[in-house]
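Report on the following structure.
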Amino acid sequence: MILETPPQRHYDFAIIGSGPAGITTALALGQASGRRIALIESGGLTASATAQDLARVELHGDLSDGYFPMHTQRCFGGSSTIWGGFCAVLEERAFLAGEWPIPFATLSRWYPDAAAILELPANASHRASVAIPDSDTLVYKPFFLSPPVRFNRKFHEPIANHTGIDLVLNATCTRLLHRRGHATALELRSTSAPETPAMRLTADRFILACGGIGNPRLLQLSGLGDDLPVGVGLMDHPHLYAVAHMYLDWPRLQPVIDEGERVVHALQLADDYCVEQGLISLSADFNRVQVTSEPLLGRRREALLTPVSLRAELPPHPFNRVSDSDQHNALGQPRPRVDFHFAFDELARTTWKHFARALLHSGLGRPSLLAPTFRVHGGGHLMGTTRMGLSPDTSVVDRHCRVHTTDNVYVAGSSVFPAGGASNPTFTIVALALRLADHLLGGIQHG
(Lines give C-alpha, C1' and ligand atoms only; values in the text may rest on other atoms or scores of the structure.)
Protein backbone atom coordinates (compact mmCIF):
# COMPACT_ATOMS: atom_id res chain seq x y z
CA MET A 1 0.00 0.00 0.00
CA ILE A 2 1.29 3.50 -0.88
CA LEU A 3 0.13 6.48 1.18
CA GLU A 4 1.25 9.63 3.00
CA THR A 5 -0.36 8.87 6.37
CA PRO A 6 0.07 5.37 7.79
CA PRO A 7 -3.28 3.64 8.49
CA GLN A 8 -1.98 2.35 11.81
CA ARG A 9 0.47 3.62 14.36
CA HIS A 10 2.24 0.41 15.40
CA TYR A 11 4.31 -1.92 13.23
CA ASP A 12 6.59 -4.88 13.72
CA PHE A 13 9.30 -3.07 11.74
CA ALA A 14 9.75 0.57 10.77
CA ILE A 15 12.32 1.14 8.02
CA ILE A 16 13.44 4.72 7.40
CA GLY A 17 14.61 5.16 3.82
CA SER A 18 13.50 3.48 0.59
CA GLY A 19 16.73 3.09 -1.36
CA PRO A 20 18.28 -0.30 -2.20
CA ALA A 21 18.97 -1.09 1.48
CA GLY A 22 15.48 -0.14 2.67
CA ILE A 23 13.55 -1.80 -0.14
CA THR A 24 15.61 -5.00 0.02
CA THR A 25 15.15 -5.22 3.80
CA ALA A 26 11.40 -4.53 3.57
CA LEU A 27 10.74 -7.18 0.92
CA ALA A 28 12.90 -9.76 2.69
CA LEU A 29 11.09 -9.12 5.99
CA GLY A 30 7.79 -9.16 4.11
CA GLN A 31 8.31 -12.81 3.19
CA ALA A 32 7.31 -13.69 6.76
CA SER A 33 3.53 -13.86 6.97
CA GLY A 34 1.69 -11.63 9.40
CA ARG A 35 4.45 -9.04 9.80
CA ARG A 36 3.50 -5.37 9.50
CA ILE A 37 6.20 -3.18 7.96
CA ALA A 38 6.31 0.59 7.51
CA LEU A 39 8.72 1.74 4.77
CA ILE A 40 9.12 5.47 5.28
CA GLU A 41 10.40 7.80 2.56
CA SER A 42 11.18 11.50 2.99
CA GLY A 43 10.38 12.20 -0.67
CA GLY A 44 7.76 11.07 -3.15
CA LEU A 45 7.66 8.55 -5.96
CA THR A 46 9.87 10.95 -7.95
CA ALA A 47 12.43 13.54 -6.90
CA SER A 48 11.25 17.01 -5.89
CA ALA A 49 13.08 20.23 -5.08
CA THR A 50 11.38 20.38 -1.67
CA ALA A 51 12.59 16.96 -0.59
CA GLN A 52 16.06 17.43 -2.08
CA ASP A 53 16.51 20.67 -0.16
CA LEU A 54 16.43 18.56 3.01
CA ALA A 55 19.53 16.73 1.71
CA ARG A 56 21.67 19.88 1.56
CA VAL A 57 24.74 19.98 3.79
CA GLU A 58 27.23 22.55 5.01
CA LEU A 59 30.36 21.29 3.31
CA HIS A 60 33.95 21.86 4.37
CA GLY A 61 36.37 20.07 2.12
CA ASP A 62 37.31 18.90 -1.34
CA LEU A 63 33.95 18.45 -3.06
CA SER A 64 31.27 20.77 -4.40
CA ASP A 65 28.23 21.86 -2.37
CA GLY A 66 25.95 19.81 -4.63
CA TYR A 67 27.94 16.59 -4.34
CA PHE A 68 26.39 15.11 -1.21
CA PRO A 69 22.75 16.04 -2.00
CA MET A 70 23.14 14.49 -5.47
CA HIS A 71 24.18 11.20 -3.90
CA THR A 72 21.43 11.36 -1.26
CA GLN A 73 18.34 11.11 -3.44
CA ARG A 74 15.21 11.68 -1.35
CA CYS A 75 12.63 9.76 -3.35
CA PHE A 76 11.35 6.20 -3.66
CA GLY A 77 14.29 4.13 -4.91
CA GLY A 78 16.89 6.44 -3.37
CA SER A 79 20.32 6.41 -4.98
CA SER A 80 19.33 3.60 -7.38
CA THR A 81 17.53 6.27 -9.43
CA ILE A 82 20.91 7.71 -10.49
CA TRP A 83 23.10 4.62 -10.08
CA GLY A 84 25.49 3.60 -12.86
CA GLY A 85 25.19 -0.14 -12.18
CA PHE A 86 28.79 -1.06 -11.25
CA CYS A 87 28.92 -4.17 -9.03
CA ALA A 88 31.78 -6.16 -7.56
CA VAL A 89 32.21 -8.44 -4.59
CA LEU A 90 34.05 -6.60 -1.83
CA GLU A 91 37.74 -7.46 -1.61
CA GLU A 92 38.72 -9.92 1.10
CA ARG A 93 41.68 -7.71 2.07
CA ALA A 94 39.78 -5.84 4.79
CA PHE A 95 38.49 -9.09 6.31
CA LEU A 96 41.98 -10.61 6.33
CA ALA A 97 43.25 -7.46 8.04
CA GLY A 98 40.55 -7.74 10.72
CA GLU A 99 38.80 -4.50 9.81
CA TRP A 100 35.42 -6.22 9.45
CA PRO A 101 34.20 -8.02 12.61
CA ILE A 102 32.64 -10.85 10.61
CA PRO A 103 34.27 -13.50 8.41
CA PHE A 104 34.22 -12.92 4.68
CA ALA A 105 32.20 -16.15 4.26
CA THR A 106 29.44 -14.74 6.48
CA LEU A 107 28.88 -11.94 3.97
CA SER A 108 29.66 -13.81 0.75
CA ARG A 109 26.85 -16.35 1.25
CA TRP A 110 24.37 -13.52 0.51
CA TYR A 111 25.93 -12.39 -2.77
CA PRO A 112 24.08 -14.93 -4.99
CA ASP A 113 20.66 -13.66 -3.85
CA ALA A 114 21.88 -10.08 -4.17
CA ALA A 115 23.04 -10.83 -7.74
CA ALA A 116 19.52 -11.99 -8.65
CA ILE A 117 18.00 -8.78 -7.26
CA LEU A 118 20.48 -6.66 -9.21
CA GLU A 119 20.05 -8.77 -12.39
CA LEU A 120 23.72 -9.62 -12.59
CA PRO A 121 25.25 -12.59 -14.43
CA ALA A 122 25.20 -15.79 -12.40
CA ASN A 123 28.99 -15.80 -11.98
CA ALA A 124 29.10 -12.28 -10.49
CA SER A 125 28.73 -13.58 -6.95
CA HIS A 126 31.69 -15.95 -7.01
CA ARG A 127 34.19 -14.11 -9.22
CA ALA A 128 35.46 -11.68 -6.61
CA SER A 129 38.85 -11.95 -8.30
CA VAL A 130 40.67 -14.44 -10.50
CA ALA A 131 44.25 -15.63 -10.07
CA ILE A 132 46.56 -14.95 -13.01
CA PRO A 133 48.96 -17.81 -13.85
CA ASP A 134 52.56 -17.18 -12.75
CA SER A 135 51.62 -14.07 -10.79
CA ASP A 136 51.24 -14.15 -7.00
CA THR A 137 50.86 -10.38 -6.56
CA LEU A 138 48.30 -9.40 -9.21
CA VAL A 139 44.75 -10.67 -9.81
CA TYR A 140 42.08 -10.01 -12.42
CA LYS A 141 39.11 -8.10 -10.96
CA PRO A 142 35.83 -8.02 -12.92
CA PHE A 143 33.22 -5.31 -12.29
CA PHE A 144 29.81 -6.54 -13.42
CA LEU A 145 27.20 -4.10 -14.68
CA SER A 146 23.60 -4.18 -13.52
CA PRO A 147 21.23 -2.93 -16.33
CA PRO A 148 21.13 -0.84 -13.91
CA VAL A 149 18.17 -1.89 -11.76
CA ARG A 150 16.04 1.10 -10.77
CA PHE A 151 14.52 -0.05 -7.49
CA ASN A 152 11.66 2.47 -7.84
CA ARG A 153 10.56 0.85 -11.11
CA LYS A 154 11.32 -2.79 -10.40
CA PHE A 155 9.75 -2.89 -6.96
CA HIS A 156 6.89 -0.39 -7.28
CA GLU A 157 4.22 -3.02 -7.87
CA PRO A 158 5.58 -5.63 -5.42
CA ILE A 159 5.49 -3.05 -2.64
CA ALA A 160 2.24 -1.37 -3.69
CA ASN A 161 0.47 -4.74 -3.76
CA HIS A 162 2.07 -6.20 -0.64
CA THR A 163 -0.49 -6.60 2.13
CA GLY A 164 2.14 -6.39 4.85
CA ILE A 165 4.10 -3.32 3.68
CA ASP A 166 2.92 0.30 3.93
CA LEU A 167 5.08 2.69 1.89
CA VAL A 168 4.71 6.08 3.55
CA LEU A 169 5.79 8.91 1.22
CA ASN A 170 6.68 12.56 1.88
CA ALA A 171 7.22 11.77 5.56
CA THR A 172 10.53 12.85 7.06
CA CYS A 173 11.69 11.13 10.22
CA THR A 174 13.06 13.90 12.43
CA ARG A 175 14.01 11.80 15.45
CA LEU A 176 13.69 8.49 17.25
CA LEU A 177 12.20 8.59 20.74
CA HIS A 178 13.88 6.25 23.18
CA ARG A 179 14.20 5.39 26.83
CA ARG A 180 16.89 3.37 28.59
CA GLY A 181 18.39 1.97 25.42
CA HIS A 182 15.05 1.09 23.84
CA ALA A 183 13.52 3.04 20.94
CA THR A 184 9.79 3.52 21.43
CA ALA A 185 8.64 5.62 18.48
CA LEU A 186 9.72 7.79 15.62
CA GLU A 187 8.58 11.33 14.92
CA LEU A 188 7.40 12.11 11.39
CA ARG A 189 6.97 15.51 9.76
CA SER A 190 5.34 16.18 6.42
CA THR A 191 7.98 17.03 3.82
CA SER A 192 5.54 18.99 1.65
CA ALA A 193 3.70 20.69 4.54
CA PRO A 194 6.27 21.21 7.31
CA GLU A 195 3.94 23.48 9.26
CA THR A 196 1.60 20.58 10.13
CA PRO A 197 2.00 18.89 13.52
CA ALA A 198 4.37 15.98 13.89
CA MET A 199 3.02 12.44 14.01
CA ARG A 200 4.38 9.51 15.98
CA LEU A 201 4.69 5.94 14.79
CA THR A 202 5.66 3.05 17.04
CA ALA A 203 7.34 -0.24 16.16
CA ASP A 204 9.01 -3.19 17.78
CA ARG A 205 12.19 -2.70 15.74
CA PHE A 206 13.57 0.26 13.81
CA ILE A 207 15.92 0.03 10.81
CA LEU A 208 17.77 3.11 9.58
CA ALA A 209 18.37 2.96 5.82
CA CYS A 210 18.96 6.66 5.10
CA GLY A 211 22.43 6.49 3.59
CA GLY A 212 25.91 7.54 4.66
CA ILE A 213 24.79 11.01 5.73
CA GLY A 214 21.20 10.35 6.82
CA ASN A 215 21.94 7.42 9.14
CA PRO A 216 24.40 9.23 11.42
CA ARG A 217 22.32 12.40 11.33
CA LEU A 218 19.19 10.64 12.56
CA LEU A 219 21.16 9.05 15.39
CA GLN A 220 22.70 12.42 16.28
CA LEU A 221 19.39 14.31 16.15
CA SER A 222 17.81 11.62 18.33
CA GLY A 223 20.53 11.68 20.97
CA LEU A 224 21.13 8.00 20.29
CA GLY A 225 24.70 6.85 20.43
CA ASP A 226 26.05 10.00 22.08
CA ASP A 227 28.87 7.88 23.49
CA LEU A 228 29.57 6.21 20.13
CA PRO A 229 31.70 7.49 17.21
CA VAL A 230 28.61 8.38 15.16
CA GLY A 231 29.45 10.25 11.96
CA VAL A 232 33.20 9.64 12.25
CA GLY A 233 35.24 8.10 9.43
CA LEU A 234 33.24 9.11 6.35
CA MET A 235 34.65 7.29 3.33
CA ASP A 236 34.19 7.55 -0.44
CA HIS A 237 35.95 5.90 -3.37
CA PRO A 238 38.50 8.19 -5.00
CA HIS A 239 38.43 7.85 -8.79
CA LEU A 240 41.30 8.98 -10.99
CA TYR A 241 40.36 8.87 -14.66
CA ALA A 242 42.90 8.22 -17.46
CA VAL A 243 45.89 9.09 -15.27
CA ALA A 244 48.30 6.64 -16.92
CA HIS A 245 48.70 4.08 -19.71
CA MET A 246 49.96 0.54 -19.64
CA TYR A 247 50.91 -2.21 -22.06
CA LEU A 248 49.47 -5.60 -21.06
CA ASP A 249 50.39 -9.08 -22.29
CA TRP A 250 47.10 -9.96 -23.97
CA PRO A 251 47.76 -13.70 -24.57
CA ARG A 252 48.43 -14.19 -20.83
CA LEU A 253 45.40 -12.19 -19.71
CA GLN A 254 42.88 -13.44 -22.24
CA PRO A 255 42.28 -16.87 -20.61
CA VAL A 256 41.24 -15.36 -17.25
CA ILE A 257 39.08 -12.42 -18.25
CA ASP A 258 35.29 -12.59 -18.26
CA GLU A 259 33.87 -12.67 -21.78
CA GLY A 260 30.45 -11.29 -20.79
CA GLU A 261 29.12 -8.13 -22.38
CA ARG A 262 28.40 -6.27 -19.14
CA VAL A 263 31.84 -6.35 -17.57
CA VAL A 264 34.49 -3.71 -16.81
CA HIS A 265 37.95 -5.28 -16.59
CA ALA A 266 40.55 -4.38 -13.97
CA LEU A 267 43.74 -5.56 -12.33
CA GLN A 268 44.35 -5.43 -8.59
CA LEU A 269 47.06 -6.25 -6.14
CA ALA A 270 46.24 -9.57 -4.48
CA ASP A 271 44.56 -9.39 -1.06
CA ASP A 272 47.34 -11.31 0.72
CA TYR A 273 49.96 -9.00 -0.76
CA CYS A 274 48.06 -5.88 0.34
CA VAL A 275 47.79 -7.19 3.90
CA GLU A 276 51.47 -8.16 3.96
CA GLN A 277 52.56 -4.72 2.70
CA GLY A 278 49.97 -2.71 4.65
CA LEU A 279 48.37 -1.34 1.48
CA ILE A 280 44.88 -0.18 0.66
CA SER A 281 42.97 -1.70 -2.26
CA LEU A 282 43.34 -0.18 -5.71
CA SER A 283 41.83 -1.27 -9.03
CA ALA A 284 43.35 -0.31 -12.37
CA ASP A 285 40.74 -0.52 -15.15
CA PHE A 286 41.78 -1.56 -18.63
CA ASN A 287 39.95 -1.94 -21.93
CA ARG A 288 40.30 -4.37 -24.83
CA VAL A 289 40.04 -1.88 -27.65
CA GLN A 290 43.59 -1.24 -28.84
CA VAL A 291 45.75 -4.26 -29.63
CA THR A 292 49.28 -3.50 -30.75
CA SER A 293 52.46 -5.41 -31.60
CA GLU A 294 54.77 -2.96 -29.81
CA PRO A 295 57.79 -4.51 -28.07
CA LEU A 296 56.83 -5.55 -24.53
CA LEU A 297 59.48 -6.37 -21.94
CA GLY A 298 62.17 -7.11 -24.50
CA ARG A 299 60.28 -9.01 -27.17
CA ARG A 300 57.58 -8.32 -29.70
CA ARG A 301 54.20 -9.81 -28.84
CA GLU A 302 50.52 -9.00 -29.07
CA ALA A 303 49.75 -6.47 -26.36
CA LEU A 304 47.00 -4.18 -25.17
CA LEU A 305 47.74 -0.48 -25.02
CA THR A 306 45.16 0.85 -22.62
CA PRO A 307 44.48 4.01 -20.64
CA VAL A 308 44.33 3.40 -16.91
CA SER A 309 41.68 4.70 -14.54
CA LEU A 310 42.09 4.01 -10.85
CA ARG A 311 39.39 3.24 -8.31
CA ALA A 312 40.83 3.22 -4.82
CA GLU A 313 40.06 2.64 -1.19
CA LEU A 314 40.04 5.49 1.31
CA PRO A 315 40.73 4.65 4.97
CA PRO A 316 38.25 5.96 7.59
CA HIS A 317 40.13 9.10 8.63
CA PRO A 318 38.63 10.62 11.81
CA PHE A 319 38.75 14.14 10.33
CA ASN A 320 36.23 13.05 7.67
CA ARG A 321 32.95 13.24 9.54
CA VAL A 322 29.31 14.27 9.78
CA SER A 323 28.25 16.61 12.59
CA ASP A 324 25.95 19.53 13.45
CA SER A 325 25.83 22.71 11.38
CA ASP A 326 24.68 26.20 12.36
CA GLN A 327 22.41 26.18 9.29
CA HIS A 328 18.82 24.85 9.50
CA ASN A 329 16.46 23.20 7.02
CA ALA A 330 12.75 23.81 6.37
CA LEU A 331 11.82 21.54 9.28
CA GLY A 332 13.91 23.60 11.69
CA GLN A 333 16.59 20.94 12.09
CA PRO A 334 20.33 21.66 11.99
CA ARG A 335 21.70 20.65 8.61
CA PRO A 336 24.57 18.17 8.54
CA ARG A 337 28.04 19.63 8.53
CA VAL A 338 30.26 17.42 6.37
CA ASP A 339 34.03 17.65 6.67
CA PHE A 340 35.68 15.67 3.90
CA HIS A 341 39.18 15.65 2.42
CA PHE A 342 40.61 12.91 0.23
CA ALA A 343 44.14 13.11 1.73
CA PHE A 344 44.88 10.68 -1.03
CA ASP A 345 47.86 11.83 -3.04
CA GLU A 346 50.60 9.94 -1.22
CA LEU A 347 48.46 6.83 -0.71
CA ALA A 348 47.67 6.65 -4.41
CA ARG A 349 51.26 7.06 -5.41
CA THR A 350 52.51 4.52 -2.84
CA THR A 351 50.00 1.85 -3.84
CA TRP A 352 50.50 2.63 -7.52
CA LYS A 353 54.25 2.10 -7.13
CA HIS A 354 53.60 -1.35 -5.69
CA PHE A 355 51.16 -2.05 -8.50
CA ALA A 356 53.61 -0.91 -11.21
CA ARG A 357 56.43 -2.96 -9.67
CA ALA A 358 54.19 -6.05 -9.51
CA LEU A 359 53.17 -5.57 -13.14
CA LEU A 360 56.80 -5.48 -14.27
CA HIS A 361 57.98 -8.35 -12.07
CA SER A 362 55.12 -10.57 -13.18
CA GLY A 363 55.94 -10.00 -16.84
CA LEU A 364 52.30 -9.05 -17.45
CA GLY A 365 53.15 -5.62 -18.80
CA ARG A 366 54.63 -2.24 -18.15
CA PRO A 367 52.98 0.96 -16.92
CA SER A 368 53.64 4.58 -17.62
CA LEU A 369 54.19 7.04 -14.81
CA LEU A 370 51.18 8.60 -13.16
CA ALA A 371 50.42 12.09 -14.39
CA PRO A 372 52.48 14.60 -12.36
CA THR A 373 49.27 16.23 -11.19
CA PHE A 374 45.87 14.62 -11.20
CA ARG A 375 42.36 15.42 -10.13
CA VAL A 376 40.60 13.07 -7.74
CA HIS A 377 36.89 12.50 -8.38
CA GLY A 378 34.48 11.06 -5.85
CA GLY A 379 32.50 7.92 -6.55
CA GLY A 380 29.36 9.03 -4.71
CA HIS A 381 29.79 6.10 -2.33
CA LEU A 382 29.15 7.46 1.17
CA MET A 383 30.37 4.85 3.66
CA GLY A 384 31.58 4.25 7.18
CA THR A 385 29.72 6.78 9.33
CA THR A 386 28.03 4.15 11.53
CA ARG A 387 30.77 1.56 11.24
CA MET A 388 30.38 -2.07 12.27
CA GLY A 389 32.63 -3.40 14.99
CA LEU A 390 33.00 -5.30 18.23
CA SER A 391 33.58 -2.40 20.62
CA PRO A 392 31.39 0.69 21.25
CA ASP A 393 34.62 2.63 21.69
CA THR A 394 35.48 2.28 18.00
CA SER A 395 32.20 1.43 16.25
CA VAL A 396 28.49 2.25 16.19
CA VAL A 397 26.81 -1.07 15.36
CA ASP A 398 27.61 -4.65 16.26
CA ARG A 399 28.16 -7.58 13.88
CA HIS A 400 24.38 -7.83 13.38
CA CYS A 401 24.09 -4.10 12.56
CA ARG A 402 22.37 -3.26 15.88
CA VAL A 403 23.35 0.07 17.44
CA HIS A 404 25.52 -0.86 20.42
CA THR A 405 23.61 1.25 22.96
CA THR A 406 20.10 0.06 21.99
CA ASP A 407 18.26 -3.23 21.88
CA ASN A 408 15.99 -2.55 18.89
CA VAL A 409 17.63 -0.05 16.50
CA TYR A 410 19.50 -1.38 13.46
CA VAL A 411 21.32 0.23 10.55
CA ALA A 412 21.30 -0.89 6.90
CA GLY A 413 23.48 0.35 4.07
CA SER A 414 27.09 1.29 3.43
CA SER A 415 27.32 3.50 6.51
CA VAL A 416 28.09 0.30 8.46
CA PHE A 417 31.16 -0.52 6.30
CA PRO A 418 34.27 -0.42 8.52
CA ALA A 419 36.35 -0.56 5.31
CA GLY A 420 35.11 0.08 1.81
CA GLY A 421 37.70 -1.59 -0.41
CA ALA A 422 37.92 -0.38 -3.99
CA SER A 423 34.67 -2.07 -5.06
CA ASN A 424 31.43 -0.18 -5.68
CA PRO A 425 29.19 -0.73 -2.64
CA THR A 426 25.68 -1.49 -3.97
CA PHE A 427 26.24 -5.25 -4.38
CA THR A 428 27.43 -5.45 -0.76
CA ILE A 429 24.66 -3.13 0.47
CA VAL A 430 22.03 -5.51 -0.90
CA ALA A 431 23.84 -8.58 0.47
CA LEU A 432 24.04 -6.99 3.94
CA ALA A 433 20.36 -6.02 3.81
CA LEU A 434 19.41 -9.64 3.10
CA ARG A 435 21.63 -10.76 5.97
CA LEU A 436 20.03 -8.22 8.33
CA ALA A 437 16.49 -9.30 7.44
CA ASP A 438 17.42 -12.94 7.97
CA HIS A 439 18.86 -12.09 11.38
CA LEU A 440 15.78 -10.09 12.40
CA LEU A 441 13.36 -12.81 11.35
CA GLY A 442 15.50 -15.47 12.99
CA GLY A 443 15.52 -13.50 16.22
CA ILE A 444 11.73 -13.34 16.21
CA GLN A 445 11.23 -16.96 15.24
CA HIS A 446 13.66 -18.17 17.88
CA GLY A 447 12.66 -15.73 20.59
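The values are calculated or read from the model by the stated rules, or taken from the named source; none is laboratory data. Values in this document were obtained by computation on a predicted structure and should not be read as measured data. FYI the Cβ positions are ideal-geometry reconstructions off the backbone, even for glycines, and counts take in every protein chain you see. The protein model used for the area step is the full one, side chains on, heavy atoms only, and it has no ligands, DNA or RNA in it. Shrake-Rupley method; radii C 1.70, N 1.55, O 1.52, S 1.80 Å.
Measuring nothing but protein heavy atoms, the accessible surface of the range 189-274 at 1.4 Å probe radius is 49 percent carbon and sulfur. Placing +1 on each Lys and Arg Cβ and -1 on each Asp and Glu Cβ, with no other charges, gives the chain a dipole about its Cα centre of roughly 340 debye. With contributions of -39500 (n - 2.57) from each DSSP H run of at least four residues, the per-residue ellipticity at 222 nm computed over the chain stands at -6500 deg cm²/dmol. Counting only protein heavy atoms and a 1.4 Å probe, the chain has 39 square angstrom of accessible area per residue.
In whole percents, the pair-distance distribution calculated for the range 67-157 from its alpha-carbon pairs, binned every 5 Å from zero, is 3, 12, 17, 18, 18, 17, 10, 3, 2, 1, 0. Accessible surface of the range 136-186, 1.4 Å probe: 47 percent of it comes from carbon and sulfur atoms. Candidates TRP83, TRP250, GLY378 compared by Cα position along the dipole of the chain: farthest toward the positive end lies TRP83, with charges placed on Cβ.
Does the chain come out rounded, prolate or oblate, given a ≥ b ≥ c as the square roots of the eigenvalues of its C-alpha gyration tensor, rounded meaning a/c under 1.5 and, failing that, prolate meaning a/b above b/c? Cα axes put the chain in the prolate bin. Overall, the range 172-237 carries a charge dipole of about 220 debye about its Cα centre when +1 sits on the Cβ of Lys and Arg and -1 on the Cβ of Asp and Glu, all other atoms neutral. Assign one of three labels to the range 395-447, namely rounded, prolate or oblate, based on the Cα gyration tensor with a ≥ b ≥ c the square roots of its eigenvalues; rounded applies when a/c is under 1.5, prolate when it is not and a/b is larger than b/c, and oblate otherwise. Note, shape of the range 395-447 comes out oblate.
Probe radius 1.4 Å, ligands and nucleic acids ignored: give me the carbon and sulfur share of the accessible area of the range 28-128 as a rounded percent. Carbon and sulfur atoms account for 51 percent of the accessible area of the range 28-128.
Most tightly packed first, judged by the mean number of other beta-carbon atoms within 10 Å of their residues, the peptides 17-29, 177-189 read 17-29, 177-189.
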